[in-house]
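Engineer: Following this message is one structure expressed as structure tokens.
The values are calculated or read from the model by the stated rules, or taken from the named source; none is laboratory data. The shown structure was predicted, so the numbers you read here are calculated from the model rather than taken from an experiment. Every residue, glycine among them, receives a Cβ derived from its backbone with ideal geometry; neighbour counts consider all protein chains shown.
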Amino acid sequence: MKTAVIETLERYNIHYSLKPHEKTVYTSEDAARERGVRLSQIVKTMLLSSSGGEVVVAVLPGDKRLDVKKVRKLTELKDLRFMDKWSVEQKLGLVVGAIAPIGDHLHGLRLFVDPTVFAESLIDISSGQPTAGLELSSEDLKTLLKDATIAEITK
């Protein structure tokens, strides 16, 4: 299996473990079960957009809920909403439920990461496909997300 996310990790010489799923998953809860990890180790990536078309990326642990009001305040975009499935898949070419927090697909987008993402030493991100995840150190993810804004964005 070779995805754009795996290519990004390899380009930066980041050690990772591929974790294939027995079944296709689209939720953090299902991913945690398939990979045999705690929900807090799953990193979910959520996309929001404004009426003007600006896309914002929110990265948080699987056991937390995004506080959209906090993201609106940080971005000063009062009409920020979750992107619908069609927009994510057709406009961005991504699979809802299998979006990774790293990769060229996020280039140029505003990225906000909740600091609790880095609370676990090992974390799991999506491979970009709903059939497998990738385990890596939270320190390596932090290095890859060096240009992101670290801010409390969860409830």
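Engineer: Any residue at all in the range 87-108 that is in a helix (DSSP H, G or I), over 14 Å from Lys44 (Cα atoms) and at pLDDT 95 or above?
Structural biologist: No, the range 87-108 contains no residue that is in a helix (DSSP H, G or I), over 14 Å from Lys44 (Cα atoms) and at pLDDT 95 or above.
Engineer: Next up: Checking Ser121 against (1) surrounded by fewer than 14 Cβ atoms within 10 Å (Cβ to Cβ); (2) at pLDDT 95 or above; (3) over 29 Å from Lys23 (Cα atoms): exactly one of these is not met. Which one?
Structural biologist: Answer for Ser121: the failing condition is (3).
Engineer: Of the conditions (1) over 22 Å from Thr116 (Cα atoms); (2) surrounded by 15 or more Cβ atoms within 10 Å (Cβ to Cβ); (3) not charged (D, E, K, R), Ile42 satisfies every one except a single condition; which number is it?
Structural biologist: With (1) over 22 Å from Thr116 (Cα atoms); (2) surrounded by 15 or more Cβ atoms within 10 Å (Cβ to Cβ); (3) not charged (D, E, K, R) applied to Ile42, the lone miss is (1).
Engineer: While we're on this one: Quick test of your reading of the structure: Arg72 fulfils all but one of (1) charged (D, E, K, R); (2) buried (at least 21 other Cβ atoms within 10 Å of the Cβ); (3) touching a Leu at 6+ places or on another chain (Cβ under 6 Å). Name the failing condition by number.
Structural biologist: (2)
Engineer: Going through the range 22-49 one residue at a time, which ones are within 15 Å of Lys85 (Cα to Cα) and out of contact with any strand residue (DSSP E or B) (no Cβ under 7 Å at 6 or more places or on another chain)?
Structural biologist: Matches in the range 22-49: Tyr26, Thr27.
Engineer: Let me ask something additional. What residue, of His107, His21, is of a type outside the set (A, V, I, L, M, F, W, C), surrounded by fewer than 18 Cβ atoms within 10 Å (Cβ to Cβ) and either touching a Gly at 6+ places or on another chain (Cβ under 6 Å) or in contact (Cβ under 8 Å) with a residue 12 or more places away in the chain (or both)? Show your work before the answer.
Structural biologist: Working: His107 fails: either touching a Gly at 6+ places or on another chain (Cβ under 6 Å) or in contact (Cβ under 8 Å) with a residue 12 or more places away in the chain (or both).
Matching residue, one of His107, His21: His21.
Engineer: Which one of Val88, Val37, Val56 is under 19 Å from Lys142 (Cβ atoms), among the aliphatic types (A, V, I, L, M) and crowded, with 17+ Cβ neighbours inside 10 Å?
Structural biologist: That would be Val37, the only listed residue that is under 19 Å from Lys142 (Cβ atoms), among the aliphatic types (A, V, I, L, M) and crowded, with 17+ Cβ neighbours inside 10 Å.
Engineer: Still on this model: Would you please name the residue that is surrounded by the most Cβ atoms within 10 Å (Cβ to Cβ), looking only at residues in the range 132-149 that are acidic (Asp, Glu) and not in a loop (DSSP other than H, G, I, E, B)?
Structural biologist: In this case the residue turns out to be Asp140.
Engineer: Would you confirm whether or not the range 117-131 contains a residue that is at negative phi, part of a helix (DSSP H, G or I) and not hydrophobic (A, V, I, L, M, F, W, C)? Lay out the reasoning, then the answer.
Structural biologist: Narrowing the range 117-131 to residues at negative phi: 117-127, 129-131.
Subsequent filtering for residues that are part of a helix (DSSP H, G or I) retains 117-119.
From the residues that got through so far, the ones that are not hydrophobic (A, V, I, L, M, F, W, C) too are none.
Checking the range 117-131: not a single residue is at negative phi, part of a helix (DSSP H, G or I) and not hydrophobic (A, V, I, L, M, F, W, C).
Engineer: Given (1) modelled with pLDDT under 95; (2) more than 21 Å from Thr149 (Cβ to Cβ); (3) among the aliphatic types (A, V, I, L, M), identify the lone condition not met by Ile6.
Structural biologist: All conditions are met except number (1).
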